[in-house]
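First comes the structure, then the notes that go with it.
The values are calculated or read from the model by the stated rules, or taken from the named source; none is laboratory data. Fair warning: this is a prediction, and the values are worked out from it, not measured in the lab. Every residue, glycine among them, receives a Cβ derived from its backbone with ideal geometry; neighbour counts consider all protein chains shown. The area values use the complete protein model at the heavy-atom level, side chains included, leaving out ligands, DNA and RNA. Shrake-Rupley method; radii C 1.70, N 1.55, O 1.52, S 1.80 Å.
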Amino acid sequence: MSAEHHPIAPPSRDPAAFAVFYQQQFDTVLGFVTRRTDSVHLAADLTADIFLTALEQAGSYDARRGAPVAWLYGISRNVLAAHFRGNVRELDAVARIAGQRMLDDQDVSAIEGRIDAAREARGLAARHAALSEPLRAVLDLVAVDGLAVREAAKALGISAATARVRLHRARKALQKAMPQSGTTSTSVNALLEAAS
């Protein structure tokens, strides 16, 4: 039957009353949606979402602010806008990762290795900083700058024997400060080898 013979039912949270409203407005909402999408399934989903939202918001309908169909069109516009905003965000996210290679087990292992190396480097830096200045100076000249012990001694204005003692103490202090994992880290090993 047409709306001319039956007045348009206002939206109501009462299931029976809302069913009448739904039946009267279904074609209107479906037409609104199908003019804005070309997918049958999407049109059906959006129409259902619109009526679900209308049912949830039925208590907010105020006849003084307009006809029920105008209220329903407002809800329809909001539901479609929310859907398309979400769709745009999804497409943006897909575009950002499109063509990007996903991580495989080898990539994950490499990243874990970098994290471990960075952690180890921070620990080594902290142990290095804990050395006294005289020990650190000899160690740096020998292990980092590549000088021979005699050359480091000359640069520091100390005897070669004093430089060797300080270097030995620095190496022992670094080894002693190592976590008790049973193995010496590769960065400490490299530093200690360079200082040998």
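One line per residue, one yes/no per condition, for (1) at pLDDT 85 or above; (2) touching a strand residue (DSSP E or B) at 6+ places or on another chain (Cβ under 9 Å); (3) part of a loop (DSSP other than H, G, I, E, B); (4) within 14 Å of Leu174 (Cα to Cα):
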residue	(1), (2), (3), (4)
Asp107	no, no, no, no
Ala110	yes, no, no, no
Ile115	yes, no, no, no
His128	yes, no, no, yes
Leu141	yes, no, no, no
Gly146	yes, no, yes, no
Arg150	yes, no, no, no
Ala153	yes, no, no, no
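When both residues are 6+ apart or on different chains and their Cβ atoms are under 7 Å apart, which pairs have a first residue that lies in segment 28-42 and is open to solvent by 40 Å² or more (accessible area, probe 1.4 Å), and a second that is in a helix (DSSP H, G or I)?
Every condition considered, the pairs that remain are Thr28/Val69; Leu30/Ala43; Leu30/Thr47; Thr34/Ala43; Arg36/Leu80.
All but one of (1) assigned to a helix (DSSP H, G or I); (2) out of contact with any His (no Cβ under 8 Å at 6 or more places or on another chain) hold for Arg136, so report the exception by its number.
Arg136 satisfies every listed condition except (2).
If you take the residues of segment 81-104 that are open to solvent by 70 Å² or more (accessible area, probe 1.4 Å) and at pLDDT 85 or above, which of them is farthest from Phe32 (Cα to Cα)?
Arg85
Conditions first: (1) within 21 Å of Arg64 (Cα to Cα); (2) open to solvent by less than 60 Å² (accessible area, probe 1.4 Å); (3) under 41 Å from the mean Cα position of the chain (by Cα); (4) modelled with pLDDT under 90. Arg13 passes all but one, so which condition is the exception?
Failed condition: (2).
So Gln23 fits all but one of (1) buried (at least 16 other Cβ atoms within 10 Å of the Cβ); (2) assigned to a helix (DSSP H, G or I); what number is the exception?
(1)
Mind listing whichever residues of segment 156-182 are modelled with pLDDT of 90 or more, part of a helix (DSSP H, G or I) and small (Gly, Ala, Ser)?
Residues satisfying the conditions are Ala160, Ala161, Ala163, Ala170.
Taking segment 43-60 as the region of interest, how many residues are part of a helix (DSSP H, G or I) and open to solvent by 40 Å² or more (accessible area, probe 1.4 Å)? Even if it seems obvious, please write down each step before you answer.
Filtering segment 43-60 down to residues part of a helix (DSSP H, G or I) leaves 43-56, 58-60.
Filter once more, so that each one left must be open to solvent by 40 Å² or more (accessible area, probe 1.4 Å): 44-45, 48-49, 52, 55-56, 59-60.
Going through segment 43-60 one residue at a time, the tally reaches 9.
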